[in-house]
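Working notes for the structure below.
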Amino acid sequence: MLTRALALAALIAGSLLLATLLARRNGRARAVRSDDRLTADDLGSPLGTTATFVQFSSRTCAPCRTVRRTLADVTAARPDLVHVEVDAESRLDLVRRYQVLATPTVLVLDAAGIPRQRLRGTPHPVQLRLALATVAPEPSPHEETR
Amino acid sequence: MTDPNSTSTSPTTSPVPPAGTGAAGGGIDPRGPRFAAAVTAAVLAVVVLTAGVWLLAAQVAVFAVGSLFGVRHAPYGQVYRLLVRPRLGPPSELEDPAPPRFAQTVGLAVTGAALVAALLGVPFAVEVGAGLAFVAAFLNAVVGLCLGCELYLVLARARARVA
């Protein structure tokens, strides 16, 4: 019984550690080293003149809905930003091309359609805005209503 | 009794309409699956502590009901609805029941395999299977980890490779 109790304690400790690691990685932006452009044809939508948020979603993905809302908020008053949602299962070509491992994943493209930042999980709006600032550092001529 | 989610903004452009919005198939209180995950984790912890095959079998049955009939009709979901929910305020939003249901299917697969292995005499099958399912249930209860999101693409890519 003691060994089992120890095993359970190890399981709980391991789970807590895993939970902490996952929580820290959640929504964090990582730089993408790629020159593989995404075009409007690839996405079925025009690109943003400043940046484009490409959200990969899937059917059994509750956080995808949260990310959809967050991105809608971030891009709401910015006509120079575009939010495109891609159903990962029907676009496995893009999934493989950009090595999308799980959903939700957001790729932030620059004005040329080159992915520059990748965010996995549910980013806080601040994390998305920071990623945007990294991709498009020039101040926008449009006013943000927040 | 519950208000449908009234604010739902859609993206500026969406070439492939994403399936599974909150209200599709009737949205559910997102606290229900979290509660069920907590109960599941507790049950699986006891299975690990006692190597209880019967308790494992009972949990397999619970997963099966949730997988086949949806989380609303699953035993822990019923307990939530009847005993816990009346004591809480209304949910701030509803969620799609498909992801929690997929998680039940994954739980069924893992614990079902462990049960079969245990009945075939494989040593430690009960503990290993229950332990794996415990971690998933624990993470879901504590940090709301969406296992379906992590696995769905892996499975989809594997299926596409096989096809």
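Of everything in region A:100-135 that's touching a residue at least 60 places away in the same chain (Cβ under 8 Å) and part of a loop (DSSP other than H, G, I, E, B), which residue is surrounded by the fewest Cβ atoms within 10 Å (Cβ to Cβ)? If we take residues in region A:100-135 being touching a residue at least 60 places away in the same chain (Cβ under 8 Å) and part of a loop (DSSP other than H, G, I, E, B), then A:ALA112 is surrounded by the fewest Cβ atoms within 10 Å (Cβ to Cβ). Scanning region A:107-120 finds no residues that are within 12 Å of another protein chain (Cβ to nearest Cβ) and modelled with pLDDT under 90.
Identify the residue in region B:121-161 that is surrounded by fewer than 17 Cβ atoms within 10 Å (Cβ to Cβ) and among the small types (Gly, Ala, Ser) and, among all such residues, is farthest from A:PRO104 (Cα to Cα). Among those residues, the one meeting the criterion is B:GLY121.
Checking each residue in region B:98-128 for being in contact with a Ser or Thr (Cβ under 6 Å, 6 or more places away or on another chain) and of a type in the set (Ser, Thr, Tyr) picks out only B:THR105. If you go through region A:1-16 and keep only what is over 15 Å from B:LEU132 (Cα atoms) and in a helix (DSSP H, G or I), you end up with A:LEU2, A:THR3, A:ALA5, A:LEU6. Looking only at region B:104-140, which residues are touching a Lys or Arg at 6+ places or on another chain (Cβ under 8 Å) and not charged (D, E, K, R)? Of everything in region B:104-140, just one residue is touching a Lys or Arg at 6+ places or on another chain (Cβ under 8 Å) and not charged (D, E, K, R), namely B:ASN140. Among the residues of region A:8-63, those identified as touching a Ser or Thr at 6+ places or on another chain (Cβ under 7 Å), facing chain B (nearest Cβ under 7 Å) and more than 26 Å from B:ALA42 (Cβ to Cβ) are A:SER45, A:SER57, A:SER58, A:CYS61.
Residues in region B:146-163 include none that are among the small types (Gly, Ala, Ser) and at pLDDT 90 or above.
Residues in region B:113-163 that are over 30 Å from A:THR122 (Cα atoms) and in a loop (DSSP other than H, G, I, E, B) were compared, and the one that is farthest from the other protein chains (Cβ to nearest Cβ) is B:LEU120. Residues in region A:1-58 that are β-branched (Val, Ile, Thr) and over 22 Å from A:ARG116 (Cα atoms): A:THR3, A:ILE12, A:THR20.
Looking for something more than 20 Å from B:ASN140 (Cβ to Cβ) and of a type outside the set (S, T, N, Q) - is there at least one such residue anywhere in region A:56-66? Looking for residues that are more than 20 Å from B:ASN140 (Cβ to Cβ) and of a type outside the set (S, T, N, Q), one finds at least one in region A:56-66, hence yes. Can you name every residue in region A:24-68 that is surrounded by fewer than 20 Cβ atoms within 10 Å (Cβ to Cβ) and outside any loop (DSSP other than H, G, I, E, B)? Matches in region A:24-68: A:ARG24, A:ARG25, A:ARG30, A:ALA31, A:ALA40, A:ASP41, A:ASP42, A:THR66.
Within region B:47-60, the set of residues being within 15 Å of B:LEU115 (Cα to Cα) and either within 16 Å of the chain's Cα centre (by Cα) or in a helix (DSSP H, G or I) (or both) comprises B:VAL47, B:VAL48, B:THR50, B:VAL53, B:TRP54, B:LEU55, B:LEU56, B:ALA57, B:ALA58, B:GLN59, B:VAL60. For region A:85-106, the set of residues classified as at pLDDT 95 or above and farther than 21 Å from B:CYS146 by Cβ is empty. Looking only at region A:30-37, decide whether some residue is modelled with pLDDT of 90 or more and touching a Gly at 6+ places or on another chain (Cβ under 9 Å). Within region A:30-37 (the criterion being modelled with pLDDT of 90 or more and touching a Gly at 6+ places or on another chain (Cβ under 9 Å)), the answer is yes, since at least one residue qualifies. Taking region A:69-93 as the range and being in a helix (DSSP H, G or I), in contact with a strand residue (DSSP E or B) (Cβ under 9 Å, 6 or more places away or on another chain) and within 7 Å of chain B (Cβ to nearest Cβ) as the test, the residues that pass are A:LEU71, A:ALA72, A:THR75, A:ALA88.
The values are calculated or read from the model by the stated rules, or taken from the named source; none is laboratory data. Computed from a predicted structure; not experimentally measured. Cβ sites come from the backbone with ideal geometry, for glycine too, and all protein chains shown count toward neighbours.
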